[in-house]
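Below: one structure, written as structure tokens.
The values are calculated or read from the model by the stated rules, or taken from the named source; none is laboratory data. Remember, it's a predicted structure, so these values are computed and weren't measured experimentally. Don't worry about glycine lacking a Cβ; one is built from the backbone with ideal geometry, like all the others, and counts go over all protein chains shown.
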Amino acid sequence: MYKLLKQEGHARRGEFETVHGTVQTPAFMNVGTSAAIKGGISSIDLVDLKCQVELCNTYHLHVRPGDDVIRGLGGLHKFMNWKRPILTDSGGFQVFSLAKLRKIKEEGVTFACHLDGHRIFMGPEESMRIQSNLGSTIAMAFDECIENPAPFEYTERSIERTTRWLARCKTEMARLNSLPDTLNPHQLLFGINQGSTYHSLRIRHMQEIAALELDGYAIGGLAVGETAQEMYDTIEAVEPYMPKEKIRYLMGVGTPVNILEGVYRGVDLFDCVMPSRNARHGTLFTWEGIRILHNEKYKTDSEPLDPQCGCPVCQNHSRGYLRHLFRANEILASRLGVMHNLYFYNTLMEKIRETLDNGTYSAFYQHWVPILGRRI
């Protein structure tokens, strides 16, 4: 469970104890959608890249290879040879982002599979059963991810349904965790706060789901169309109503600057495909700013990607070589790029924790926000 160790303003330094190990927070969760980090990164690599938690996708693993297959192989941890915590999202975001045709009812959502179009039904109980089969450390509740902007009246009806779905998730998880053959009887459940950018709805929804006394709470439905300032304002509006003794997770966020801003406003956990996705296209995060390796100026550059970085890429390869790999479409380009970006993100979180430990986070935040957000 979550233990708050220190606080500086709203920023929190803590520890989150789970059956698969203790997570030092604030932390960034590396996204392995289909039980693998895109770019050729293995679970063994992730240990060296300082990853504490891996995030896997309920919907994608249900479709392929099938949660029953993974259960038969001993669960996600054994399947991918990862001994540390795993968070599985509920599948809700994919239902609403991938499905062109979907029908929402009180029971759940019927939609077309993005691979072959076959009809799938998923509701709170189905999502919990799939995640129980996967045996993840943390299961996310099934919710509706609302587009930004969305009409007030629709948003209000949606969060009311999401709250009812959350209660069903809690009941079903309790039942699944009590079964004698459950892979992980200590599986944790996080609820998700929704409400678009309407602060009154966000606050009301947070108060309602906080009353259910879950293991953790997430802020969902952000970084999906609103401005960065609207996202920060929404976090600030919701944060006072989030239980202080529970871990807080900002879903799908974000850039290094987003993370610095999120920590400043009281967030403990983050995840995003951005560091791996950007890396595969030659956009690398460094302590000097954002480097686009496709640029001609790096063609004959013998310097390391980031002189201040201790990752295996920066210790062994030049900007000129990395640019060549990207221009030649070599698979190695993706692997090295992703390795660097994940190492950078996890090192950033390490430094954030260090400054919170010694009471200097505010100065760290003020110094690095303008640097980490600029393109070199």
Subject >> Criterion violated by residue 83 - all others in (1) farther than 23 Å from residue 275 by Cβ; (2) surrounded by fewer than 17 Cβ atoms within 10 Å (Cβ to Cβ) satisfied >> reply: (1)
Original post:
If residue 17 passes every condition in (1) touching a residue at least 60 places away in the same chain (Cβ under 8 Å); (2) outside any helix (DSSP H, G or I) but one, which one does it miss?
Top reply: (1)
Subject >> Residue in the stretch 132-176 that is modelled with the lowest pLDDT, counting only those that are assigned to a loop (DSSP other than H, G, I, E, B) and surrounded by fewer than 20 Cβ atoms within 10 Å (Cβ to Cβ) >> reply: 147
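Restricting to the stretch 292-325, and then to whatever is buried (at least 21 other Cβ atoms within 10 Å of the Cβ) and of a type outside the set (A, V, I, L, M), can you tell me which residue is nearest to residue 256 (Cα to Cα)? Spell out the reasoning first.
Pass one, the stretch 292-325, residues buried (at least 21 other Cβ atoms within 10 Å of the Cβ): 293, 298, 305-306, 311, 313-314, 319, 322-323.
In the following step, the residues that additionally are of a type outside the set (A, V, I, L, M) were identified as 298, 306, 311, 314, 319, 323.
On the way: 298: 23, 306: 15, 311: 17, 314: 19, 319: 21, 323: 23 Å.
Applying the filter and picking the extreme gives 306.
So, in the stretch 202-220, how many residues would count as being of a type outside the set (Val, Ile, Thr) and in contact with a Lys or Arg (Cβ under 9 Å, 6 or more places away or on another chain)?
Filtering the stretch 202-220 down to residues of a type outside the set (Val, Ile, Thr) leaves 202, 204-208, 210-218, 220.
Going one step further and asking which of them are in contact with a Lys or Arg (Cβ under 9 Å, 6 or more places away or on another chain), we end up with 210, 212-218.
Final tally of qualifying residues: 8.
Output the residues belonging to the stretch 231-247 that are without any contact (Cβ under 8 Å) to a residue 60 or more places away in the chain and of a type outside the set (Val, Ile, Thr).
Taking the stretch 231-247 as the starting set, the residues that turn out to be without any contact (Cβ under 8 Å) to a residue 60 or more places away in the chain are 231-238, 240-243.
Within the stretch 231-247, 231, 232, 233, 236, 237, 240, 241, 242, 243 qualify.
What number of residues within the stretch 72-131 satisfy the criterion of being of a type in the set (Lys, Arg), in a loop (DSSP other than H, G, I, E, B) and out of contact with any Gly (no Cβ under 6 Å at 6 or more places or on another chain)?
Residues of the stretch 72-131 of a type in the set (Lys, Arg): 78, 83-84, 100, 102-103, 105, 119, 129.
If we keep only those that are in a loop (DSSP other than H, G, I, E, B) as well, we get 83-84, 100, 105.
Still in the list and also out of contact with any Gly (no Cβ under 6 Å at 6 or more places or on another chain): 83, 100, 105.
The number of residues fulfilling the criteria is 3.
Condition check ((1) within 18 Å of residue 51 (Cβ to Cβ); (2) surrounded by 23 or more Cβ atoms within 10 Å (Cβ to Cβ); (3) of a type in the set (D, E, K, R)) across all residues:
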site	(1), (2), (3)
225	no, no, no
229	no, no, no
241	no, no, no
246	no, no, yes
276	yes, yes, no
280	yes, no, yes
Subject >> Residues of the stretch 33-54 satisfying the condition of being buried (at least 23 other Cβ atoms within 10 Å of the Cβ) and in a loop (DSSP other than H, G, I, E, B) >> reply: 51, 53
